[in-house]
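Before any comments, here is the structure.
The values are calculated or read from the model by the stated rules, or taken from the named source; none is laboratory data. Computed from a predicted model, the values in this text were never measured in an experiment. Cβ sites come from the backbone with ideal geometry, for glycine too, and all protein chains shown count toward neighbours.
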Amino acid sequence: MNYFLVYLILMLDTWKAAFIALIIICSIILIIVIITWFMSDDGVYASESEKESDKILTKKIGKIAFITLIISFVFVIFCPTTKQVATIYLLPKITSNKSMQELPSKTAELLLIEVKKEINTINALPSNIEIKKN
């Protein structure tokens, strides 16, 4: 795994935040375009051609904002977070690693050794000391 790929994985949450900001900006632009579209009939224009060119420009801006909004939604919905990518990448490596598979038995052995030490410590206490049980 190269360093640039690691960088991209670590930056996924930042990219998602940037696309969420883009969604907000495109939504505002679309609202402005819709308001402008409906108000253009009431506006004062020098000529009919100026009114038509204004509508064409508004329509182009609206299309661009709408397409950008859809692409941003798709990215935000389907792009995994950094934690999800780490899980997707690391979980198979951890489960297939032989030393990791031996870990539960080693942990159980260590736990058993520690329990035996505690039992020996308790047995070594003088008989006049009471151990409170909860």
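A few comments on the model shown:
- So ILE32, is it touching a residue at least 24 places away in the same chain (Cβ under 8 Å), surrounded by 14 or more Cβ atoms within 10 Å (Cβ to Cβ) and among the β-branched types (Val, Ile, Thr): no
- Among residues of segment 85-99 that are within 20 Å of TRP15 (Cβ to Cβ) and modelled with pLDDT of 75 or more, those with a beta-carbon under 8 Å from a residue that is of a type outside the set (Asp, Glu) and assigned to a helix (DSSP H, G or I) at least six positions away or on a different chain give the pairs VAL85/ILE9; VAL85/LEU12; ALA86/ILE9; TYR89/ILE9.
- Any chance ILE70 is within 15 Å of LEU22 (Cβ to Cβ) and either of a type in the set (S, T, N, Q) or loosely packed, with under 11 Cβ neighbours inside 10 Å (or both): no
- When SER127 is tested against (1) at pLDDT 80 or above; (2) out of contact with any helix residue (DSSP H, G or I) (no Cβ under 8 Å at 6 or more places or on another chain); (3) of a type in the set (Ser, Thr, Tyr), exactly one condition is not met: (1).
- Verdict on ILE67 being at pLDDT 75 or above and over 32 Å from the mean Cα position of the chain (by Cα): no
- Every residue from segment 40-58 that is at pLDDT 80 or above and surrounded by fewer than 12 Cβ atoms within 10 Å (Cβ to Cβ): ILE56
- For ALA21, the stated conditions hold: it is exposed (fewer than 12 other Cβ atoms within 10 Å of the Cβ), of a type in the set (Gly, Ala, Ser) and under 24 Å from the mean Cα position of the chain (by Cα).
- Of all residues making up segment 3-29, the number that are over 18 Å from LYS83 (Cα atoms) and either without any contact (Cβ under 8 Å) to a residue 24 or more places away in the chain or touching an Asp or Glu at 6+ places or on another chain (Cβ under 8 Å) (or both): 4
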